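The values are calculated or read from the model by the stated rules, or taken from the named source; none is laboratory data. Since the model is a prediction, treat every value here as computed from it, not as a measurement. We place every Cβ from the backbone using ideal geometry, glycine too, and count neighbours over all the protein chains shown.
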Amino acid sequence: MCSYGLCPVARPLPKRARRILCHHAQNADGVRGAAPALRQALPYQCSLGHPPELRLARHLRHPLLQNPTGTTFLQDVATRLEKAFNQAGYGEMSWYEVPDGFAMVSRLEQFSSDGTPLEGEDRFASEIAQPRSLGERLRGLFIARQGHYRVITFIVTSVPIQQSNERLSRDRAMELVSTGADRLSEGIRNQVFSGNHRCTALIYEFEQRTPDHAAEFVTPSRLDGTVHLRRSGILTALEGR
Amino acid sequence: MSIEECRKRLAIVWFVISGVLFFVLILQTIFGRYADRVSEAWSWFLPTIMPSLSLIAATWASDLSRESTQAEKANAFLYRLALLVSVFYLCAIVLVVFASAFSQIPPLEMMRQSNLFLGPIQGLVAAVIGIFFVRKSEKKSPHQADAPSK
């Protein structure tokens, strides 16, 4: 149980993280950072943080995120990620605080079967994209149009991430971008990005089998996490700096 | 025009258009257009088509067992009305099936919504076709033997 006796945790937490980030601590003591705790959206269990069952995870190498010279703060990492997201065309993102770090969540986007984002307004549409050509429409008369959606989350923390068996729905994934904060709190920004920190990309993928079906969480995914990051343009933007 | 000829024409309209629709739905079923909800598509389609089709087929079968109706003439107004409402109704069904490829509304949702307007039309179609196929034909007068009735 956590120190408030309200929720189970698997292992002891750093005192600081427990004080700031446990949602029970927030409720009981009124301690709250600028960004909401991720558990509220990605049902984290207490301060340890168990994101929902995830299919794909990829750890980003430190050189992609660290300053070439001098100390790297979490603010620097956040800026680098934000820049990469913007270069990849996401535009909108939201921030959450997690134990000893932060999480950044992208908008729900649609992608084609090879992992490339759809073009134009179809990319961030919540419904399956309409076919453009007459041939595609005629094909759609006999073959179901499918929708592939994903939400990419980066979690930067020194605390090990352990996923829960709770599944994230697409509707809830869509809310992530609107329920987070627009920036990180000063306390998080000024933390040093240490060797213990890891930046983990979590990719939540959903599939809508036909326009009449609801989008469902995909497990297992056909695409590797690296493919998702590469085709989305994020990894290329990070590598290019 | 003889009543047998009129019935034949109406039956051809119904069987040809229904056949095309059947074939399209079979292809859609094979290619998985409705995924695991294929029964919903057929549950919409069959009650939309089958009552009138069954009536036409049953009347035809019954006519085969009777003596020829070649000499009996059809009520021209009733025939044209039956043909008109049949074509209108079948075109509406074709539109629902085919327009789903061009519409934002999901196919099964469109089928559900179409019941709002197809239901009343189907009632009308059933009434007109029922009267036309079941009603006793008018006896031809000797001097109108080959001309359609007015």
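A few points about this structure:
- Flag for A:R172 being closer than 30 Å to B:M111 by Cβ and under 18 Å from the mean Cα position of the chain (by Cα): yes
- The set of residues from the range B:72-102 being more than 9 Å from chain A (Cβ to nearest Cβ) and part of a loop (DSSP other than H, G, I, E, B) comprises B:A74, B:N75.
- In the range A:99-112, the residue that is nearest to the other protein chains (Cβ to nearest Cβ) out of those that are part of a strand (DSSP E or B) and of a type in the set (A, V, I, L, M) is A:V105.
- Selection count where residues are under 19 Å from A:R80 (Cβ atoms) and among the aliphatic types (A, V, I, L, M), scope the range A:95-124: 4
- Consider the range B:103-132 and keep the residues that are polar (S, T, N, Q), farther than 16 Å from B:V24 by Cβ and in a helix (DSSP H, G or I). The one that is nearest to the other protein chains (Cβ to nearest Cβ) is B:Q113.
- Test set (1) away from chain B (no Cβ under 14 Å); (2) under 25 Å from A:F85 (Cα atoms); (3) modelled with pLDDT under 90 - A:E166 fails condition number: (2)
- Listed by first and then second residue, the pairs with beta-carbon distance under 6 Å, at least 6 apart or on different chains, first residue in the range A:52-72 and over 13 Å from A:E239 (Cβ atoms) and surrounded by fewer than 15 Cβ atoms within 10 Å (Cβ to Cβ), second at pLDDT 75 or above and acidic (D, E), are A:N67/A:D76.
- Residues in the range A:68-89 that are at pLDDT 90 or above and part of a loop (DSSP other than H, G, I, E, B): A:A88, A:G89.
- Selection status of A:Q191, within 23 Å of A:N67 (Cβ to Cβ) and either surrounded by 21 or more Cβ atoms within 10 Å (Cβ to Cβ) or more than 14 Å from chain B (Cβ to nearest Cβ) (or both): yes
- Residue selected from the range A:113-158 under the condition among the aliphatic types (A, V, I, L, M), in a loop (DSSP other than H, G, I, E, B) and in contact with a strand residue (DSSP E or B) (Cβ under 7 Å, 6 or more places away or on another chain), by the criterion modelled with the lowest pLDDT: A:A129
- If you go through the range B:23-71 and pick out every residue that is part of a loop (DSSP other than H, G, I, E, B), touching a residue at least 12 places away in the same chain (Cβ under 8 Å) and of a type outside the set (A, V, I, L, M), you end up with 5.
- Residues located in the range A:138-160, provided they are under 13 Å from the mean Cα position of the chain (by Cα) and either among the aliphatic types (A, V, I, L, M) or facing chain B (nearest Cβ under 9 Å) (or both): A:V151, A:I152, A:I155, A:V156
- The set of residues in the range A:188-219 being in a loop (DSSP other than H, G, I, E, B) and closer than 19 Å to B:A35 by Cα consists of A:R209, A:T210, A:P211, A:D212, A:H213, A:A214, A:A215, A:V218, A:T219.
- Qualifying residue in the range B:1-21 (condition: surrounded by fewer than 16 Cβ atoms within 10 Å (Cβ to Cβ), within 14 Å of another protein chain (Cβ to nearest Cβ) and either assigned to a helix (DSSP H, G or I) or at pLDDT 90 or above (or both)): yes
- Considering (1) more than 14 Å from chain B (Cβ to nearest Cβ); (2) buried (at least 21 other Cβ atoms within 10 Å of the Cβ); (3) touching a Pro at 6+ places or on another chain (Cβ under 7 Å); (4) of a type in the set (D, E, K, R), the lone condition that A:D212 does not fulfil carries the number (1).
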